[in-house]
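The values are calculated or read from the model by the stated rules, or taken from the named source; none is laboratory data. None of the values given here were measured: they were computed from a predicted structure. Cβ coordinates were reconstructed from backbone atoms using ideal geometry, including for glycine residues, and neighbour counts include every protein chain displayed. To get the accessible areas, we keep the full protein, side chains included, count just its heavy atoms, and leave off ligands, DNA and RNA. Shrake-Rupley method; radii C 1.70, N 1.55, O 1.52, S 1.80 Å.
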Amino acid sequence: MSADASSNGVVPEVAAASAASTSPAPARSAGPPPARALPGGGETRRHTLIAIVLDKPGVLNRVASLMRARNFNIDSLAVSRTDQPDVSRMTITLHGDDVAVEQAAKQLYRLIDVLKVQDVTAESVVAQELALVKIRATDSNRGEILKLVELSKGRVVDLAPESVVVEVTGPEAEIDGFVALVRSYGIKEIVRTGSVVMSRGSNSIEEAVKR
Amino acid sequence: MTMTKGPTAQPPGPSEARPARRSHVPSDGTANARAVEAARRAMLDDTRPRHRTRIGADVVCEALLLQGVDLFFSYPGGVILPLYDVLGDYPQLRHVLVRHEQGGAHAADGFARVTGQVGVCMGTSGPGATNLVTGIGTAMLDSVPMVAITGNVPSALIGKDAFQEIDINGITLPMTKHNYLVRDANDLPRALAEAFHIARSGRPGPVHVDITKDALQQETSAPHPTHEEVVAGLPGFRPNLDANGRQLKLAAAELATAKRPVILAGHGVLHAEAWDELVAFAEKTQTPVAHTLLGIGAISEDHPLSYGFMGMHGWKHVNRAIQSADLLIAIGMRFDDRVTGNVRTYAPYARIVHVDIDPAEIGKNVAVEVPIVGDAKRVLAALLPLVEPVDPATRADYFAELAEWRRDSEGSSWHGSGAWREGVLSADYVIDRIGELSAHEATYVADVGQNQMWLARYAGFRHPNTHVSSGGLGTMGFSVPAAMGAALGRPDRETWAITGDGGFQMTSQELMTLTADKIPVKIALLDNKKLGMIRQWQEIIYAGNYHSAHLPGPDFAKLADAYGIPAFRARTPAEVDDVIKAAQAVDGPALVWFEIAEEQNIFPMMPAGKGLSDLIEKWGGADE
């Protein structure tokens, strides 16, 4: 799929080529025609979109409202400032087939405050998430928990008589693993930031933003 | 809606001075009246003198003038009064006082569609703003350039559920191209300049600017930005106008091998003013042109390569041509479900070249082989030298088949069969006569439903921007107010509002605006005493369960008369020409009341969910 909905002509060439291969124009004489392929009928998988947006009031609302109105379901959304003043960066993860997510990216790009949208799903990226987990702890099992935290490269950020708060960072799957590991002790509460993603190497999506 | 002023009331001419303020307090000498009068005088003394400082409301008026706007449609209310307070200082701006904000929004829409300029409507906060919403949505779905301006409560009261406060910014957010909430008069010049730029550039659309009352009243010296400053301030808005050269070559290659190509012309051709380029392209490649509902006028219907109106109620021959095409060249259209029906069975043999200025439209509803993002005019101009001229002789078999299908399909319609000769007043006959008697030179504004389809099929369109119709949102009540704007936008053309009795009753309050502002709209009311399209669906799809399809209406002649509008009535085909001519002879608005057959259906019809090859052409006894 086209990674960059902002390039001139957009021309999702890969998508166009795949569409061409899935719906060859049959000869008219060749019996009953095959059904036309529907866009967005493919296999769904998890996608990660990075959106570079102007830090205007309501921009988060615009993005969220668009995704709702167009029937895209956001898995996670992380927003932060960037090094440029007035520019924010959103990392959006969602499930969908390639064409549907490309459509989501194009719809996002229609928003006036959106400078750039890129699907980095197929790219080599660093994807990290941070979670804070408040685990029930007693005098008898605290040592055991701390050992697990250490082995999981977590960090204890708060110690209390009946609980510990642990900070873990890593790819989503690693955090899932840690949470599963400590669940038996009792999780009092948990908060996760959602993935933040950056491409490996020297490429910069922010530098490419048309300013 | 009381008629206190009567039809003779005139808006103050542009050169007339603002009338002096007059007291509406009865001076009966009572203590109470004296107290009220004293309070009023104190208030008046407190108002700004004529030579006054520049405030936010002035910025709005200046911005309109800078954008070339000299006409807008509005309705006053509490928080937009600061704007009304300065309007008198801008006699170049014509303010049309509508009778409902929805009418103002549709009028701005109609104005924009016939002129290609940005239409402007305004209203106050709360209900004034929500009344605009249907009109803004109509403009959004049809990509009509519009700027809607509303007042809002003072910024200190925002979020406090103040009187007439509603989160209109949140309401219009998903149904505008962009929107603004301005709380500071110093931000107004930029917001308004951006609004107009966004509304008219790229794929056009409505932009809403909500301004707090205190911003309208605030003194400001903020200058209006230049065009360059506006563009530079919108780094996220860079419409792609010129196509990718490689894609153009691919499109030319598709055309070179196609045996049965069809051009699908949409609203984008009109937005881009690409009608000449379209005809040149069609002629050079000898490709027949079908059009969408909003693509009417992209090519004159009497052009030999014009093939007609496609889709759910389009001509059967057009849909057959699409279903048998080996190449579709779609220009400025979006494969709406009313055009494609079931996508799985749509144009099964066709490869598709899709030209659209909005990348998001490409691949949205159908997968396409050659996507081209760009402005229709520029794309067609760039494509023309890349395509080989086609000798019509090489298309002889194709054209012969198309011609035969066309004869077949046009001859089998109610109109072609001449049922009107039996004394039945059929709507298609009425539309045909309006088209003929206006020499196909008028602006024709449809409402929604059967009347809309009759107009699209039978009026015979010759020119771009002479057909106005709510295609995407399908807004009943659109016709009369939109015709109001269309008539003011193109006063050189006669303007016909074609409406049913249902839609007419939704916005008939604007009859008073027609009278008061002397707007010469001719209204053709096709009265079947039914919600005709509802009745048709209930007959065919809901097994004749006619719930709420019968729609009693008033005596429309008396209604028009009450508004000071001459009305004419026809019940038989023989009367049709006379009443049309009588309406045309009226200097000002007129209404023609056609009491048409009550159970006429519009055929062919593609039931929702079915394909273009599954057209219903007749039903029971009430067939064509």
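Quick check on my link table: of B:LYS316/B:LYS610; B:LYS177/B:LYS249; B:LYS249/B:LYS610; B:LYS177/B:LYS518; B:LYS530/B:LYS558; A:LYS147/A:LYS188, which ones sit more than 24 Å apart, alpha carbon to alpha carbon? Too far apart for the 24 Å limit: B:LYS177/B:LYS249; B:LYS249/B:LYS610; B:LYS177/B:LYS518.
If you take every DSSP beta bridge whose two residues both sit in the stretch A:59-211, what share of them, in percent to the nearest 5, is antiparallel?
100
Other residues within the sphere of radius under 11 Å centred on the Cβ of B:ALA582, judged by their own Cβ, net out at 0 (K and R +1, D and E -1). Taking amide H positions as modeled 1.01 Å from N, with prolines and chain starts lacking one, the residues under 5 Å from B:ARG94 and 5 or more places away or on another chain are B:LEU71, B:PHE72.
Dipole magnitude of the protein assembly as shown about its Cα centre, charges +1 at Lys/Arg Cβ and -1 at Asp/Glu Cβ only, in debye to the nearest 20?
So the dipole magnitude of the protein assembly as shown works out to roughly 760 debye.
Approximating the spin labels as points 7 Å out from Cα along Cα→Cβ, the B:LEU437-to-A:ASP139 distance works out to 10.2 nm. Take every Cα pair under 8 Å whose residues are at least 6 apart in sequence, average their separation, divide by the length of the stretch B:460-538, and the relative contact order is 31 percent. With only Cα atoms counted, the stretch B:449-515 has Rg and Dmax values of 11.8, 31 Å.
Farthest towards the positive end of the charge dipole of the stretch B:135-259, among the residues B:PRO239, B:THR212, B:ALA162, is the Cα of B:PRO239, using unit charges on the Cβ of Lys, Arg, Asp and Glu.
Over chain B, dividing the summed -39,500 (n - 2.57) contributions of all DSSP H runs of at least 4 residues by the number of residues returns a 222 nm mean residue ellipticity of -11000 deg cm²/dmol.
Only Lys, Arg, Asp and Glu carry charge here, each on its Cβ (+1 for the first two, -1 for the last two); on that basis the stretch B:414-595 has a dipole of about 200 debye about its Cα centre. Amide H contacts for B:ILE498 (H built 1.01 Å from N in the peptide plane; partners 5 or more residues away or on another chain; cut-off under 5 Å): B:VAL445, B:ALA446, B:ASP447, B:ALA524. For the protein assembly as shown, the alpha-carbon coordinates run over 99, 94, 54 Å along the three principal axes, in decreasing order.
Classification of the stretch B:245-408 by its C-alpha gyration tensor yields a rounded form. The axis ratio a/c (a ≥ b ≥ c) stays under 1.5.
Net charge dipole, the stretch A:44-123: roughly 260 debye, given to the nearest 20, about the Cα centre with Cβ charges of +1 for Lys and Arg and -1 for Asp and Glu. Considering every alpha-carbon pair of chain B, the percent of pairs per 10 Å bin, from zero through the bin containing the longest distance, is 3, 16, 25, 24, 18, 9, 3, 1, 0, 0.
Just in the stretch B:214-296: which chymotrypsin sites (Phe, Trp or Tyr not before Pro) are loop by DSSP and have at most 13 other Cβ atoms within 10 Å? Listed in order of number, the matching sites amount to none.
Could you pull out every one of the lysines with an alpha carbon less than 16 Å from that of B:LYS522, ignoring same-chain neighbours closer than 8 positions? Output for B:LYS522: B:LYS581. Under conditions of 37 °C and 0.692 mPa s, the stretch A:52-211 yields 185 µm² s⁻¹ as its translational diffusion coefficient, taking Rh as the Kirkwood radius over Cα pairs in the Stokes-Einstein equation. Taking amide H positions as modeled 1.01 Å from N, with prolines and chain starts lacking one, the residues under 5 Å from B:ILE616 and 5 or more places away or on another chain are B:MET605, B:MET606. Per-residue Karplus couplings for the stretch B:474-491, computed as 6.51 cos²θ - 1.76 cosθ + 1.60 with θ equal to phi - 60°, are listed in order as x, 8, 5, x, 6, 4, 5, x, 5, 5, 4, x, 5, 5, 6, x, 10, x Hz, Gly and Pro entered as x. Of all lysines in the structure, those lying under 16 Å Cα to Cα from B:LYS364, and not within fewer than 8 positions of it along the same chain, are A:LYS106. Here the accessible area is traced with a 1.4 Å probe on the protein chains. For chain B, carbon and sulfur cover 53 percent of it.
Considering only B:LEU87, B:GLY103, B:GLY297, and ranking their Cα positions along the charge dipole of chain B that arises from unit charges at the beta-carbon of Lys, Arg, Asp and Glu, the one farthest toward the positive end is B:LEU87. Measuring nothing but alpha carbons in the stretch A:44-123 and taking Rh as the Kirkwood radius, the Rg to Rh ratio lands at 0.94.
Computed over the Cα atoms of the stretch A:126-197, the ratio of the radius of gyration to the Kirkwood radius (Rg/Rh) comes to 0.96. Site pair A:VAL125 and B:LYS581 shows an inter-label distance of 7.2 nm when each label is modelled 7 Å from Cα along Cα→Cβ. Surface burial for B against A, with a 1.4 Å probe and both sides summed, reaches about 3600 Å² of accessible area. Evaluating 6.51 cos²θ - 1.76 cosθ + 1.60 at θ = phi - 60° for every residue in the stretch B:393-403, the Karplus couplings come out as 4, 6, 9, 4, 5, 4, 5, 5, 5, 4, 5 Hz, glycine and proline recorded as x. Of the residues B:SER426, B:ASN319, B:PHE73, the one whose Cα sits farthest towards the positive end of the charge dipole of chain B is B:PHE73 (charges of +1 on Lys and Arg Cβ, -1 on Asp and Glu Cβ, taken about the Cα centre).
Working note: Karplus 6.51/-1.76/1.60 with θ = phi - 60° gives the stretch A:126-132 the couplings 9, 10, 10, 9, 10, 10, 10 Hz, where Gly and Pro are set to x.
Listed by chain and number, the aspartates and glutamates placed with their C-alpha closer than 15 angstrom to that of A:LYS153 are A:GLU129, A:GLU144, A:GLU167, A:GLU172, A:GLU174, A:ASP176; residues fewer than eight positions away on the same chain are left out. Taking label points 7 Å from Cα along the Cα-to-Cβ direction, A:ARG68 and B:GLU283 give a separation of 5.3 nm.
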